[in-house]
Amino acid sequence: MIIKFVENIGDKTINFISSLYYFLLFCIICTIHIFNYGSYNSKMVVALITQIYHTSIVKLPFFLIIAFIFGSILIGAVIVIATELNMQVQIGSVIVTFVINELSPLFTAIFISLRSATLINKKLALADIQNEIDLIDNIVLPRIISGILSTVSLSFIFAIVMIGSGYIFTFFLMGMDLHTYKYLIFDAIEINNIIILLIKGLMFGFIIMAIPIYNGLEVAKDTVFDKVSVINIIVNIFLALFFMEMISLLLIKLI
C-alpha cells in the first residue's frame, strides 16, 4: 500500500514536471514568434483584429459597468478602513496602490479568462492542425497578442473608471470636494504604479491565453473535449494568476 502510494506520488510529480517543461517551451516558442517580424502577415493581422474585437470590445459596456460599481463600493470600503486606522492622509496612496497595482490587472485578467478560455480551448480542440508554423502564426499568435493588448488596455480603463467612480463614495461619506479628491489621487500616483500595471497586464494577458491555447492543442491531439478539461483550464489559470501575484508582491517588497 505504501509503495503504491509513493509510486503514485512519483508518477504525478514526473507528469507535472514534464507538463510544466513542455508548457514553458510552448511559451518560449510563442514569445519568439511575437518578436519575429515574419510572423505578421495579412492573415495574422486580420485574425488579431478579430480577436481583439471579440476579447475586449464586445463586452466593454458590461466591463465599464462592473468597474463603476466596483469603484463606488470597494474604494468606499478602502476609505472606511483607512479612516478607522487613522490613515486619512494616506487615502490617496492606499486607493492608487489597491486599484492600480493590484485589483485592475488581476480583475481584468479574470474577466477576460472567464469569457475566452472555454471558447479558445474548444475551438483549438476541434481545429485541423496541419502546419505547425501556420498554426502558431495565424491561430495561436493572434489570440495571445489580443489577450496581452486587451488585458493591458482594459486594466488601464478599469483603473480610471474605478478611481473616478470612487469619488461618489468619498463625496457622500466624507463630503470631499472633487478638487481635493483629484489632488489626493494625482499626488499619490507615481511612475512605478504605471510600470507595475503595465508589467502585470503583459504577464497576465500572456498567461490567460497561453494556458487554454496549450491545453486546446493537447486536446486536439487526443480528439477529446469535455467539461472536465474546461474546469481544469480555469483552475490552472487561477492558480497561475495567484502564483504570479504572490511573486510580484514579493518582488515589489524586495525592490
- Provide the per-residue ³J(HN,Hα) series for region 64-76, in order, calculated from phi with Karplus coefficients 6.51, -1.76, 1.60 and θ = phi - 60°, each as a whole number of Hz, with x at glycine and proline positions. 5, 4, 4, 4, 5, 5, 4, x, 5, 8, 5, 5, x
- When ranked by the protection proxy of mean other Cβ atoms within 10 Å per residue, highest first, what sequence do the peptides 139-148, 203-212 form? 203-212, 139-148
- Query: Spin-label point model (7 Å from Cα, Cβ direction): what's the Y53 to L20 distance in nm?
  - Reply: 4.1
- Highest first, please rank the peptides 23-29, 103-109 by the mean number of other Cβ atoms sitting within 10 Å of their residues. 103-109, 23-29
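Only the coordinates and a few stated rules stand behind these numbers; no lab work does. Since the structure is predicted, the reported quantities are computational estimates derived from the model, not experimental observations. FYI the Cβ positions are ideal-geometry reconstructions off the backbone, even for glycines, and counts take in every protein chain you see.
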